[in-house]
Structures are given as C-alpha cells and as structure tokens.
Amino acid sequence: MRELPDRCDVLIIGGGPAGLSAAFTLRAAGVGSVHVLEREAETGGIPRHCGHSPYGMREFRRVMGGQAYAKALSARAQGAGAVLHCNMTVTALHPGGRVSVSGPDGLHEIAARAVLLATGARESSRVARHVGGTKPGGVLNTGSLQGLVYLDGLKPVRRPVIVGTELVSFSALMTCLHIGAKPVAMVESGSRPVTRWPTHWLPQVLGTPVYFNTELTAVHGKHRVEAVTLRHNGQDRELEADGVIFTGKFRPENALAREAHILVDAASQGPEVDQFGRCSDPAYFAAGNALRTIETAGWCWDEGRSVAQSIILALNGELPDRSGARKIENARGPIAYAVPQYIVPGTQPAALKQLQLRLSRPARGAVKLGTKSFNVNSRPERRITMPLPDAGLPLTLGFDEVK
Amino acid sequence: MPQLRESRDALFDVAVIGAGVVGCAIARRFTLEGAKTIVLEKAHDILDGASKANSAILHTGFDAPPGSLELRCIQDGHREYEEICGDLNLPLDRCGALVLAWTEEQEARLTALIEQARANSVDDVVPLSRAETLALEPDLASNVRASFQVPREALIDPWSAPHAYLEQALLNGASLLRDCAVQAGHFDGQSWQLETTKGAIHTRFVINAAGLYGDHVDQTLLGRTDFDIRPRKGQFIVFDKTAAKFNRHILLPVPTEKTKGIVVCRTVWGNLLVGPTAEEQQERDTADLVPETLEYLHQKGAEILPALAGEPVTAVYAGLRPASGDKEYQIRAHAGQNMITVGGIRSTGLSGALGIARHVFALGQKAGLETTPLADPIRPQVANLSEIHERDWQRPGNGGIVCHCEKVTRREIDAALEGPLAPNTLAGLKRRTRVTMGRCQGFYCSAALAACTRGRLADPMTGESDA
C-alpha cells in the first residue's frame with residue numbers, strides 16, 4: 001500500500017469514472033501530485049460490479065463489460081502518474097482543502113490545493129421509499145445484488161420482485177437472468193416505464209409480468225422475504241417472493257459535504273456548484289453523480305475530464321473569483337432542480353457546458369430561462385439539457401406547462 | 001466456545017429462559033454470585049425479541065410509580081450501570097432530559113411531575129421557563145411553554161450493554177444455548193428437568209425471563225399463569241447523523257397513564273431518533289412498520305425540532321413491549337417450586353435490567369439458593385460503537401472500513417465473529433457491529449460483508465435488522 005501524502009496538488013475523493021478521468025486529465029496536463037482516495041478495495045466505482053451493459057464507447061472506442069472498463073480507467077489514470085489509494089475512507093472535509101482520512105493504519109490528514117468530490121451516487125433504500133411491513137433478509141438494491149453476484153459469486157435471490165423500471169432496473173433483471181433467478185414481477189408506480197432504453201421486450205422474454213400504476217407497500221417475512229403487498233387502484237394483494245430488489249431512485253452520496261461546511265442543494269442533493277464545478281468552498285470541486293443523479297458512466301467520465309480542466313485553471317489562479325457568482329433561481333413547477341446552481345461572470349470555458357435539469361413529474365411545455373425558451377416533453381429521471389445562460393442576463397428558471 | 005459445553009449431564013444451579021436484556025443481566029448477576037448458570041434462548045441469536053428495539057435511554061425513574069418495584073429496579077439498575085460501564089467499556093452519554101410542555105394543560109401538570117420526581121429521590125430536577133428551555137435547546141420549536149430538566153437521564157447502547165452482561169457471564173463460567181426452546185418441564189421437589197429443542201436440561205432453579213412469551217412459559221412449566229402478555233408495538237424513525245446537531249437533551253413529552261410518549265433524542269452512535277408509538281396488538285412475533293405512522297413520526301419530530309422537516313430518515317424500526325395488563329413488573333418466586341417469573345417488563349427493561357437481576361437474585365437466595373460470589377471475576381471490555389469514545393476506525397491496524405456509513409472496520413467485524421458471544425446471523429452481527437445500519441442500508445458494503453462473513457454465519461442473507 002502506498003503511503004498517503006501529507007500534502008498534494010489535487011486530492012480526488014472517489015475512484016469511479018469521474019474521479020479516474022479527472023486524475024488522468026490532471027496528470028496528463030502536468031499537474032504535479034494527484035492522489036485518488038477510494039474507500040473500496042479496488043478502484044472503478046459502480047461499473048466494477050456491473051458485469052454486463054455496454055461501457056467504453058466514448059472513452060475507449062469499443063464496447064466493454066463493466067469490470068474491464070473499470071480496470072481500463074484505473075490503468076489509464078495510474079499510467080499517467082496518478083496515485084490510487086484503496087481502502088481509504090475520507091471521514092471529514094475541512095475548510096480550504098484539508099481532509100481527514102481513515103485507513104487500515106488509522107487516521108491521517110491531507111492538505112490539498114484542490115479537492116475533487118467524485119463520490120458518486122447510491123440507490124434509495126426501502127426506508128426512503130416508505131415501505132411498510134417487516135425487515136427480513138433478501139431486501140436489496142441493484143448495487144448490493146450485483147456486488148453479491150459479480151464480486152462474491154452468490155445467488156442471493158431466486159424469485160424476487162423488482163421495483164422500478166429505470167435503466168438500472170433492467171440491469172437488475174439481467175443480473176437475475178445471469179444467476180438463473182426468475183423475477184416474479186417488475187413493479188412501476190407510474191403508467192409507463194421510466195427508461196427510454198429499448199428493453200421493454202426483456203421482461204416478456206423472461207416471462208416476468210410488469211405491473212404499472214402499482215406500488216409495493218409492504219414486505220413480509222421474518223428471516224427471509226416470503227411475500228410482498230402490491231397496491232393497484234387502492235386494492236391490495238399479496239404476491240409470494242423470496243426477495244425484493246429496490247432499483248434506481250438514485251441520490252448523490254453527499255454525506256461528507258452535508259456533514260461539512262460545503263453547501264448542498266436540497267433539491268439536487270449534490271453540492272452547490274458554479275459552471276466550473278466549484279463548490280461554496282472554492283478549494284472543493286465536484287463532478288459525476290455526486291452532482292446529481294443519475295448519469296451514465298460515460299457522462300461522468302466526461303464531466304470528470306471537464307472539471308479537471310477547471311481545477312487546472314484554479315491551480316494557476318486563472319478561474320474568476322466565486323464571489324461574483326449569481327444564483328439560478330428556480331421557480332420550480334415541474335422542474336425539480338438544475339445544475340449548476342451558480343453562474344460566475346467570466347470568459348473561461350465552463351466545465352459543466354450545459355444546464356442540466358430534471359423534472360419532478362411528467363410534463364410538457366416550455367422551459368423559460370431568462371429571456372430564452374426551450375420546448376420540453378419529458379419525465380422524471382430523464383436527462384434534459386440546455387445551453388448555459390449568460391451571467392449577464394436574468395437567471396430565472398420557469399416552466400410554461402401545456403396541459 | 002464456552003456456551004456449548006457439557007450442558008446435558010450437568011446439574012445447573014439456575015437456568016434462565018430468555019436472553020433478552022433482562023435474561024442477560026440475570027445470567028450475569030447469578031454467575032458473579034457463584035451460581036452455575038445456563039441461558040436458554042429459543043431464537044437463533046440473543047436479543048431477538050423485545051430487546052432488539054427500544055429508545056436506548058438509561059432512565060432515572062423520575063416518572064415511575066412511587067414505591068413501585070419498577071422504580072427500585074430502575075434506580076438500582078441505573079446506579080449499577082454507572083458503576084460498571086467503565087469496567088466493561090460501555091458508553092454513557094449523560095446528556096440529561098427535558099420534559100416539555102406544549103399546552104396549558106401540560107404546563108399545569110409539570111409541578112406534579114416535579115414533585116413526583118423528588119418523591120422518587122430524583123431530587124436534582126430543575127424547573128425551566130420557556131426562555132431557559134430554549135437557551136438549553138436552541139433548535140427546539142419556539143412554541144414550547146415550559147419544561148423541567150432531569151440531569152441524570154442518559155443515552156446508552158441498547159445492544160452492547162446486554163452483550164456485555166452475557167459475555168461477562170459466559171467468560172465467568174455460564175453457558176448459553178441458542179435455538180433452544182423450552183417445551184416442557186418437571187420439578188421433583190429438588191430440581192427441574194427441562195425438555196428443550198436442544199435436549200434435557202437439569203437445573204435446581206428456573207428463571208422465566210421469556211419476555212413476550214413469559215406467560216406461555218409459566219403455563220408450560222407451572223400449568224398456570226397469573227398474567228397475560230399484551231404486546232404493545234413501538235415504531236421508530238432514525239435520522240442521519242447530520243440531524244444530531246439539532247439536539248442536545250433527551251426530549252420527553254409530559255407522560256400519560258399509558259405511555260411515556262414520543263421521544264426525540266440522539267443515539268450514542270450519533271444519529272437522532274423519534275419514537276416510539278404505543279399500539280396494542282395480539283401478534284407476538286412480528287412488529288409491522290406502517291408507512292403512514294412513520295410519516296406521522298417525522299411530522300411529530302419536526303413539530304418538536306423544526307429542522308427535522310428537511311432531514312432524511314435513514315432507518316426505521318419497530319419493536320414490541322412485553323406489557324401485561326398491569327403497570328407493575330410481574331416478578332414473583334413460586335414458593336416450593338424453585339422458580340421465579342420475571343414478566344411484564346413493559347418498557348423500562350434496559351434501564352431496570354441490572355436492578356431486576358439483583359432483586360431476582362435476592363428472591364433466589366430467599367428460596368434457598370446458596371452460592372459463593374466469585375472473588376475476582378473477569379471483566380470483559382466490549383467493543384465500543386458509540387461516538388462518545390474513540391472508535392476503531394480512528395486506530396491503526398483496523399483492517400480498513402467495511403461499512404462506510406457507520407464506519408465499521410474489518411477488525412471489529414472479525415472480533416465480533418470470533419468473540420465469546422459470536423453471532424450466527426447477519427441480524428446478530430448488525431447488533432454487535434452496526435454494519436449496514438446507516439444511510440445506505442447495505443448498498444455499498446453488502447458484497448464486502450458477504451465476503452468477510454463467508455462460512456461464518458448460519459445464513460448470511462438472513463438479515464432481519466433494526467435501527
């Protein structure tokens with residue numbers, strides 16, 4: 001294990017796609033000391049335990065499995081001279097880029113000129129979904145399911161219910177297929193699938209019914225899941241199952257920022273950033289799914305690379321001061337949040353090149369950004385982007401809905 | 001492992017039925033007094049019934065019925081906990097409580113409650129005006145009218161305490177059988193022959209500490225019972241560690257006849273909890289979570305500490321109190337039958353356990369149990385999981401953090417799995433280490449946890465969990 005430094009130029013918290021691409025970019029641009037702290041036993045992030053899915057087109061110009069992709073990202077960052085430290089958990093962020101770390105050898109402090117928060121996202125637990133009943137074993141997220149399957153070679157469920165129809169929900173379905181499990185149902189509270197990805201044939205092929213307008217309201221069983229309650233049109237029925245996979249409803253893993261002095265946007269649940277990916281403490285930057293949920297590995301990789309360019313400018317004293325930042329005021333309506341939250345006047349290229357929105361409910365109409373207007377017809381959890389507003393114009397965000 | 005040896009042929013002095021907090025404390029007391037003790041637990045692991053879910057408070061008894069056995073046990077128990085917590089490495093957060101009045105009626109009752117507290121020898125209570133209350137608890141909703149402070153109400157770890165009690169018993173010679181349900185028993189005038197799912201147990205005395213099944217065990221062994229268990233469910237919500245900064249004292253409502261009411265307090269692990277409800281039910285095995293009730297608890301919490309409105313709830317749990325029809329503890333020695341029933345320990349089991357154990361030992365002595373106290377008993381230092389002492393992740397050689405939300409290290413997990421009171425289920429490992437009990441509820445660490453528990457738990461996926 002490499003020794004942790006006492007100081008460095010850039011400290012990157014999180015060795016997933018965003019953190020690793022930032023590490024590579026910083027070193028390739030000649031930044032002296034770049035260290036990545038990863039709390040898991042290996043770098044690579046979520047792709048590491050997602051065995052299937054197409055990865056790598058944007059980054060390596062070929063289709064790869066998740067594990068190969070994770071290894072390739074790690075090798076590229078390391079090859080450029082970034083130092084990757086695994087089994088290192090950051091326990092506190094202090095003003096000005098000082099960070100507390102816990103590792104197998106105990107506590108350590110690192111003072112960095114800049115820190116990148118690339119801590120990613122996690123799926124909502126059953127608690128956040130207000131599910132009732134008991135708390136037996138066999139209640140998992142896609143993340144824990146895939147960890148148990150692909151990292152440990154276990155078969156934790158045989159007949160689970162899959163909750164959700166996001167991209168990741170179909171990933172969970174494929175993982176079930178991989179271990180020979182036969183999901184008894186997919187359950188979606190909305191009237192149609194959340195994802196646009198053309199996977200609607202998958203459940204049919206597997207013989208798994210998909211129930212729309214249906215909520216999973218309770219889990220039953222003492223030691224293992226034995227059944228669930230499904231609610232459709234106010235009617236409850238029980239369905240036998242030996243597991244529940246709660247998929248998606250990702251949220252930024254932002255506990256470090258929340259516990260520290262860094263301002264967190266209650267709506268996006270990520271740190272409040274300007275177009276350079278810079279946080280309320282300008283020693284800190286953020287990129288990837290720590291900013292908002294949920295984007296593909298390729299998007300996060302690209303964002304890591306762009307925010308790394310901002311960090312280079314900051315190290316050279318070339319970023320405009322954050323004190324001139326103007327907040328984008330979101331009048332809400334169906335707009336759940338927008339990232340970045342601040343625009344700083346200046347000519348330096350933005351790292352977050354577009355304004356990223358998410359809706360809180362399905363909606364059709366025009367997004368009004370200052371004097372500009374963009375037609376939108378979309379649903380929650382889907383990416384909506386538009387050009388960044390000019391700092392000189394009114395920064396109000398509204399929505400004219402067409403019913 | 002000490003708990004599995006030669007139980008079948010031996011004659012025990014005492015068999016304790018039930019390894020909840022009360023059974024664990026009784027096993028410790030009798031062992032320290034020199035009795036050859038065995039603990040029989042019907043579940044896979046200890047603390048699997050009423051003791052797996054509570055509000056983790058060490059009470060003073062300020063509001064207990066004056067002159068009651070419950071009051072005496074709480075106060076003896078509180079005193080003994082303070083004496084032994086250093087020896088056993090148990091946390092004690094002496095944060096004190098505020099009993100809050102929100103209405104005119106409640107305010108009018110404060111004086112009587114203060115008098116009751118003083119009559120109960122809790123004479124350090126301090127009446128507080130609205131301004132004084134808000135000065136002590138600045139994030140409290142400003143419509144509070146008045147309060148009084150109970151300085152010695154404290155926070156403890158509801159699992160490490162009973163684990164320490166039983167571990168000390170085991171290390172000093174006691175035995176433990178799990179998956180051991182008592183099915184029948186015969187008293188021949190000298191000793192008991194208990195028929196269990198783990199074979200016959202021969203013992204001079206039997207102590208029924210079966211909690212939610214206390215009346216059933218009396219029925220099985222004595223053919224009669226003079227109390228009925230009426231389970232009373234309590235649901236709780238737990239906020240993330242970021243919410244703990246809004247709270248300093250244990251915030252208690254003015255109690256009613258039936259319940260202490262909904263409490264807001266921190267935990268020794270650095271979270272903040274709101275609960276419990278008090279809901280009577282027939283079912284003794286399952287405590288169902290009800291989303292609407294959890295929502296209500298969140299609202300209720302936000303009425304007391306407004307900042308909680310915007311804080312995420314990261315865990316929810318429900319437990320069952322082994323209430324009987326009577327408010328008072330149902331503790332009695334059955335004359336001529338070498339049996340003591342310890343039942344109806346309604347809601348103060350954690351606070352009262354050590355005191356109950358002393359009381360039960362005295363009853364045993366009266367019934368003819370003669371023992372010689374251990375001269376120099378082993379005092380195990382149990383693992384500290386609380387934020388008020390140094391944690392393992394802050395020390396070298398910890399093997400790295402496995403559960404990131406609760407900062408549980410590999411060394412802590414190994415120590416739990418190899419200790420004298422090793423768990424055999426994931427639920428048991430959770431209570432001993434807090435793995436997967438944080439905000440991600442296992443999203444990140446399930447795989448790493450499965451890898452390091454492989455072959456060491458009976459069923460690694462059996463994860464019924466709490467808190």
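Sort out which residues of the stretch A:329-349 are surrounded by fewer than 19 Cβ atoms within 10 Å (Cβ to Cβ) and either over 21 Å from the mean Cα position of the chain (by Cα) or part of a loop (DSSP other than H, G, I, E, B) (or both), and write them in order of number.
Of the residues in the stretch A:329-349, the ones surrounded by fewer than 19 Cβ atoms within 10 Å (Cβ to Cβ) are A:329, A:331-333, A:336, A:345-349.
Of everything in the stretch A:329-349, those that are surrounded by fewer than 19 Cβ atoms within 10 Å (Cβ to Cβ) and either over 21 Å from the mean Cα position of the chain (by Cα) or part of a loop (DSSP other than H, G, I, E, B) (or both) turn out to be A:E329, A:A331, A:R332, A:G333, A:P345, A:G346, A:T347, A:Q348, A:P349.
Considering only residues that are in contact (Cβ under 8 Å) with a residue 24 or more places away in the chain and of a type in the set (A, V, I, L, M), which ones fall in the stretch B:268-302?
B:V268, B:L272, B:L273, B:V274, B:A278, B:A287, B:L289, B:V290, B:L294, B:L297
Is at least one residue of the stretch A:53-66 basic (K, R), away from every other protein chain (no Cβ under 14 Å) and not in a helix (DSSP H, G or I)? Give the steps one after another, and end with the answer.
Of the stretch A:53-66, the ones basic (K, R) are A:58, A:61-62.
If we keep only those that are away from every other protein chain (no Cβ under 14 Å) too, we end up with A:58, A:61-62.
Still in the running and not in a helix (DSSP H, G or I): A:61-62.
So far as the stretch A:53-66 goes, yes, one or more of its residues are basic (K, R), away from every other protein chain (no Cβ under 14 Å) and not in a helix (DSSP H, G or I).
Which condition does A:I162 not pass, out of (1) over 22 Å from A:R231 (Cα atoms); (2) part of a strand (DSSP E or B), if it passes all the others?
(1) is the only condition that A:I162 fails.
Just one of (1) part of a strand (DSSP E or B); (2) β-branched (V, I, T); (3) within 14 Å of chain A (Cβ to nearest Cβ) trips up B:I340, so point out which.
(3)
Go through A:R58, A:R48, A:R122 for me and flag whichever is touching a Cys at 6+ places or on another chain (Cβ under 6 Å) and basic (K, R). Spell out the reasoning first.
Values: A:R58 fails: touching a Cys at 6+ places or on another chain (Cβ under 6 Å); A:R48 fails: touching a Cys at 6+ places or on another chain (Cβ under 6 Å).
Being touching a Cys at 6+ places or on another chain (Cβ under 6 Å) and basic (K, R) holds for just one of A:R58, A:R48, A:R122, which is A:R122.
Where in the stretch A:94-141 are the strands (runs of 3 or more DSSP E), entirely inside, with at least 2 residues that are at the interface with chain B (Cβ under 7 Å from one of its Cβ atoms) and under 17 Å from A:T293 (Cβ atoms)?
It comes to A:121-123.
Quick one: how many residues across the stretch A:310-328 are assigned to a loop (DSSP other than H, G, I, E, B) and surrounded by 14 or more Cβ atoms within 10 Å (Cβ to Cβ)?
First, pick out the residues of the stretch A:310-328 that are assigned to a loop (DSSP other than H, G, I, E, B): A:316-321, A:325, A:328.
Cutting the leftovers down to surrounded by 14 or more Cβ atoms within 10 Å (Cβ to Cβ) gives us A:319-320, A:325, A:328.
The number of residues fulfilling the criteria is 4.
Could you grab me the full set of residues in the stretch B:409-424 that are in contact with a strand residue (DSSP E or B) (Cβ under 6 Å, 6 or more places away or on another chain) and without any contact (Cβ under 8 Å) to a residue 40 or more places away in the chain?
Correct list: B:T409 only.
Can you confirm whether B:E115 is free of Cβ contacts under 8 Å to residues at least 60 places away in the same chain, in contact with a strand residue (DSSP E or B) (Cβ under 9 Å, 6 or more places away or on another chain), of a type in the set (D, E, K, R) and part of a helix (DSSP H, G or I)?
Values: free of Cβ contacts under 8 Å to residues at least 60 places away in the same chain: yes; in contact with a strand residue (DSSP E or B) (Cβ under 9 Å, 6 or more places away or on another chain): no; of a type in the set (D, E, K, R): yes; part of a helix (DSSP H, G or I): yes.
Judged against the criteria, B:E115 is not a match.
Would the stretch B:74-88 turn up any residue that is assigned to a strand (DSSP E or B) and not acidic (D, E)?
Keep residues of the stretch B:74-88 that are assigned to a strand (DSSP E or B), which gives none.
So far as the stretch B:74-88 goes, no, none of its residues is assigned to a strand (DSSP E or B) and not acidic (D, E).
Which condition does B:Q365 not pass, out of (1) more than 8 Å from every other protein chain (Cβ to nearest Cβ); (2) in a loop (DSSP other than H, G, I, E, B); (3) of a type in the set (S, T, N, Q), if it passes all the others?
If we test B:Q365 against (1) more than 8 Å from every other protein chain (Cβ to nearest Cβ); (2) in a loop (DSSP other than H, G, I, E, B); (3) of a type in the set (S, T, N, Q), just (2) comes out false.
Tell me, which residue of the stretch A:350-374 that is charged (D, E, K, R) and in a strand (DSSP E or B) is surrounded by the most Cβ atoms within 10 Å (Cβ to Cβ)?
Restricting attention to the stretch A:350-374, the residues satisfying the condition of being charged (D, E, K, R) are A:353, A:358, A:361, A:364, A:368, A:372.
The next check asks that each one be in a strand (DSSP E or B); those that pass are A:358, A:364, A:368, A:372.
On the way: A:R358: 22, A:R364: 14, A:K368: 17, A:K372: 13.
So the residue we want is A:R358.
I'd like to know if the stretch A:77-88 contains one or more residues that are farther than 22 Å from A:T25 by Cα, within 22 Å of the chain's Cα centre (by Cα), modelled with pLDDT of 95 or more and away from chain B (no Cβ under 13 Å).
no
Among the candidates A:G143, A:G164, A:G138, A:G180, which residue alone is over 20 Å from the mean Cα position of the chain (by Cα) and under 27 Å from B:L289 (Cα atoms)?
Values: A:G143 fails: over 20 Å from the mean Cα position of the chain (by Cα); A:G164 fails: over 20 Å from the mean Cα position of the chain (by Cα); A:G180 fails: under 27 Å from B:L289 (Cα atoms).
That would be A:G138, the only listed residue that is over 20 Å from the mean Cα position of the chain (by Cα) and under 27 Å from B:L289 (Cα atoms).
Which residue pairs have Cβ atoms closer than 6 Å, lie 6 or more positions apart in sequence or on different chains, and pair a first residue in the stretch A:305-331 that is modelled with pLDDT under 95 with a second residue that is surrounded by 17 or more Cβ atoms within 10 Å (Cβ to Cβ) and acidic (D, E)?
From residues that are modelled with pLDDT under 95, the pairs are A:A325/A:D274.
Can you give me the number of residues within the stretch A:233-253 that are under 20 Å from A:E166 (Cβ atoms) and more than 9 Å from chain B (Cβ to nearest Cβ)?
Within the stretch A:233-253, the subset under 20 Å from A:E166 (Cβ atoms) is A:241, A:243-253.
Those left that are additionally more than 9 Å from chain B (Cβ to nearest Cβ): A:241, A:244-250, A:252.
Number satisfying all stated conditions: 9.
Can we say A:A267 is assigned to a helix (DSSP H, G or I), touching a residue at least 40 places away in the same chain (Cβ under 8 Å) and closer than 30 Å to A:L117 by Cα?
On the way: assigned to a helix (DSSP H, G or I): no; touching a residue at least 40 places away in the same chain (Cβ under 8 Å): yes; closer than 30 Å to A:L117 by Cα: yes.
For A:A267, the condition - assigned to a helix (DSSP H, G or I), touching a residue at least 40 places away in the same chain (Cβ under 8 Å) and closer than 30 Å to A:L117 by Cα - is not met.
From A:S169, A:S144, grab the single residue that is free of Cβ contacts under 8 Å to residues at least 24 places away in the same chain and either part of a helix (DSSP H, G or I) or not charged (D, E, K, R) (or both). Spell out how you get there, then give the answer.
Values: A:S169 fails: free of Cβ contacts under 8 Å to residues at least 24 places away in the same chain.
Among A:S169, A:S144, only A:S144 is free of Cβ contacts under 8 Å to residues at least 24 places away in the same chain and either part of a helix (DSSP H, G or I) or not charged (D, E, K, R) (or both).
Going by what's in this entry, would A:L202 be described as part of a helix (DSSP H, G or I) and either out of contact with any strand residue (DSSP E or B) (no Cβ under 7 Å at 6 or more places or on another chain) or buried (at least 21 other Cβ atoms within 10 Å of the Cβ) (or both)? Lay out the reasoning, then the answer.
Numbers: part of a helix (DSSP H, G or I): yes; either out of contact with any strand residue (DSSP E or B) (no Cβ under 7 Å at 6 or more places or on another chain) or buried (at least 21 other Cβ atoms within 10 Å of the Cβ) (or both): yes.
The answer is yes for A:L202.
Within the stretch A:161-180, is even one residue within 14 Å of another protein chain (Cβ to nearest Cβ) and of a type in the set (F, W, Y)?
No, because not a single residue in the stretch A:161-180 is within 14 Å of another protein chain (Cβ to nearest Cβ) and of a type in the set (F, W, Y).
If we keep just the residues of the stretch B:382-394 that are without any contact (Cβ under 8 Å) to a residue 60 or more places away in the chain and in contact with an Asp or Glu (Cβ under 9 Å, 6 or more places away or on another chain), which is nearest to the other protein chains (Cβ to nearest Cβ)? Lay out the reasoning, then the answer.
Residues of the stretch B:382-394 that are without any contact (Cβ under 8 Å) to a residue 60 or more places away in the chain, as a first pass: B:390-394.
Okay, now just the ones that are also in contact with an Asp or Glu (Cβ under 9 Å, 6 or more places away or on another chain), so B:391-393.
Working: B:R391: 9, B:D392: 9, B:W393: 4 Å.
Checked the stretch B:382-394; the qualifying residue nearest to the other protein chains (Cβ to nearest Cβ) is B:W393.
Collect the residues in the stretch B:289-308 that are facing chain A (nearest Cβ under 8 Å) and hydroxyl-bearing (S, T, Y), keeping them in residue-number order. Talk me through it step by step, then tell me what you get.
Taking the stretch B:289-308 and keeping what is facing chain A (nearest Cβ under 8 Å), we get B:289-291, B:294-295.
Hits for the stretch B:289-308: nothing passes.
Out of A:L84, A:L26, A:L20, which single residue is assigned to a helix (DSSP H, G or I), over 22 Å from A:I294 (Cβ atoms) and in contact with a strand residue (DSSP E or B) (Cβ under 8 Å, 6 or more places away or on another chain)? Explain how you work it out, then say what you get.
Values: A:L84 fails: assigned to a helix (DSSP H, G or I); A:L20 fails: over 22 Å from A:I294 (Cβ atoms).
Going through A:L84, A:L26, A:L20 in turn, the sole match is A:L26.
Count, please, the residues in the stretch B:309-332 that happen to be within 14 Å of another protein chain (Cβ to nearest Cβ) and in contact (Cβ under 8 Å) with a residue 12 or more places away in the chain.
From the stretch B:309-332, those within 14 Å of another protein chain (Cβ to nearest Cβ) are B:309-320; that's our starting set.
Remaining after also requiring in contact (Cβ under 8 Å) with a residue 12 or more places away in the chain: B:311-320.
Total satisfying the criteria: 10.
Looking at (1) of a type outside the set (S, T, Y); (2) in contact with a Gly (Cβ under 8 Å, 6 or more places away or on another chain); (3) within 14 Å of chain B (Cβ to nearest Cβ), which is the one condition that is false for A:V194?
If we test A:V194 against (1) of a type outside the set (S, T, Y); (2) in contact with a Gly (Cβ under 8 Å, 6 or more places away or on another chain); (3) within 14 Å of chain B (Cβ to nearest Cβ), just (3) comes out false.
Considering each of B:T433, B:T425, B:T372 in turn, give the residue that is within 29 Å of A:G133 (Cα to Cα) and away from chain A (no Cβ under 12 Å). Before the answer, list the steps.
Working: B:T425 fails: away from chain A (no Cβ under 12 Å); B:T372 fails: within 29 Å of A:G133 (Cα to Cα).
None of the others qualify; the one that does is B:T433.
Determine whether the stretch B:281-288 contains at least one residue that is within 14 Å of chain A (Cβ to nearest Cβ) and under 11 Å from B:F236 (Cβ atoms). Steps first, please.
Let us first name the residues in the stretch B:281-288 that are within 14 Å of chain A (Cβ to nearest Cβ), namely B:281, B:283-288.
So of that shortlist, the ones also under 11 Å from B:F236 (Cβ atoms) come out as B:287.
Yes.
The values are calculated or read from the model by the stated rules, or taken from the named source; none is laboratory data. What you see is a predicted model; the values in this text were computed from it and never measured. We place every Cβ from the backbone using ideal geometry, glycine too, and count neighbours over all the protein chains shown.
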